[in-house]
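The values are calculated or read from the model by the stated rules, or taken from the named source; none is laboratory data. These figures come from a predicted structure and were not determined experimentally. Virtual Cβ from ideal backbone geometry, glycine too; neighbours counted across all protein chains shown. These accessible areas exclude ligands, DNA and RNA; they are computed on the full protein's heavy atoms, side chains included. Shrake-Rupley method; radii C 1.70, N 1.55, O 1.52, S 1.80 Å.
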Amino acid sequence: MVEGVTVVNSIRSLLMAHILRLLLTVMLFGVLLIIGAAHGFVSLEFSHIEMAIPSMIYLIFVEAFVMFYFIGVARLVENIHNTLTTQDKNQLRELFDEAPEDMEPYIKKVNRYIYQSKLAKRQTIPWTALILTLGSIGFLLGGAHHTGLVRKIVHSGVIYGFSAALLIGFYRQWVHLGKNHKLLRELKHVFSLPDSSM
């Protein structure tokens, strides 16, 4: 039973960036479908209002998942850096079977990984926050327009802004998910960490 769990954890860790890319792609196509239905380009059984409700819940889930992935990768790299710099023998056993005398090459590599993981976090999390904010406001304004509280142009303007933020954020998240996946593989290889660790 333990071996089966370890295999599942290894596969999940290896595929996490690819799973997140798939979730992001489904989210993007869902939003494009809703916009197409709102403009009458796509004729479906459901109105764009009915499709917006589950899509908004899905968008919140995916963007939160992506945000915590980048936070988690940056935190893992920082934890490894802290373990290397404290040089506590008990903590070093988490990274090495037999700790080497010279930690400098490892610290240099981890410093580069820290820079890369923090850069990925800085490049993606603000766009994630903007996507969530504009998406929520656009969704609420859609309901307000449906009840006659705001004009259509207000709702449309926010949704166009949301769409632009979504496209830019999607691109940045896609690129940095690939870079973080490579970073994790290199980091785990340097310290011979199991693929299931995160």
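ILE34 meets all of the listed conditions (1) open to solvent by less than 70 Å² (accessible area, probe 1.4 Å); (2) modelled with pLDDT of 90 or more; (3) closer than 18 Å to ALA64 by Cα but one, namely (3).
In the condition set (1) more than 20 Å from PHE61 (Cβ to Cβ); (2) open to solvent by 30 Å² or more (accessible area, probe 1.4 Å), PHE191 is compliant with all but (2).
Only one of (1) over 16 Å from ALA74 (Cα atoms); (2) of a type outside the set (Asp, Glu); (3) in a helix (DSSP H, G or I) is not met by PHE96, so which one is it? Every condition holds for PHE96 apart from (3).
Every residue, every condition in (1) open to solvent by less than 40 Å² (accessible area, probe 1.4 Å); (2) over 27 Å from GLY36 (Cα atoms); (3) at pLDDT below 90; (4) of a type in the set (Lys, Arg), yes or no:
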| residue | (1), (2), (3), (4) |
| --- | --- |
| ASP97 | no, yes, yes, no |
| GLU101 | no, yes, yes, no |
| ILE137 | no, no, no, no |
| LEU166 | yes, no, no, no |
| TRP174 | no, no, no, no |
| ASN180 | yes, yes, no, no |
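Need pairs with beta-carbon distance below 7 Å; first residue open to solvent by 80 Å² or more (accessible area, probe 1.4 Å) and part of a helix (DSSP H, G or I) and within the range 107-121, second modelled with pLDDT under 90 and not aromatic (Phe, Trp, Tyr); sequence gap 6+ or separate chains. Here the result reads LYS109/VAL190, each pair linking the range 107-121 to a residue that is modelled with pLDDT under 90 and not aromatic (Phe, Trp, Tyr). Residues in the range 139-155 that are buried (at least 17 other Cβ atoms within 10 Å of the Cβ), under 17 Å from ALA37 (Cα atoms) and free of Cβ contacts under 8 Å to residues at least 40 places away in the same chain: HIS145, HIS155.
Selection of first residues in the range 67-89 that are of a type in the set (A, V, I, L, M) and of second residues that are assigned to a helix (DSSP H, G or I) and open to solvent by 20 Å² or more (accessible area, probe 1.4 Å), restricted to Cβ pairs under 6 Å at least 6 apart or on distinct chains, gives the following pairs, ordered by first then second residue: MET67/ILE125; ALA74/LYS118; ALA74/LYS121; VAL77/ILE114; LEU84/TYR106; LEU84/ILE107.
From HIS181, HIS176, HIS155, HIS145, which residue is touching a Ser or Thr at 6+ places or on another chain (Cβ under 6 Å) and either part of a helix (DSSP H, G or I) or not hydrophobic (A, V, I, L, M, F, W, C) (or both)?
On the way: HIS181 fails: touching a Ser or Thr at 6+ places or on another chain (Cβ under 6 Å); HIS155 fails: touching a Ser or Thr at 6+ places or on another chain (Cβ under 6 Å); HIS145 fails: touching a Ser or Thr at 6+ places or on another chain (Cβ under 6 Å).
Step by step, each of HIS181, HIS176, HIS155, HIS145 is checked, and only HIS176 is touching a Ser or Thr at 6+ places or on another chain (Cβ under 6 Å) and either part of a helix (DSSP H, G or I) or not hydrophobic (A, V, I, L, M, F, W, C) (or both).
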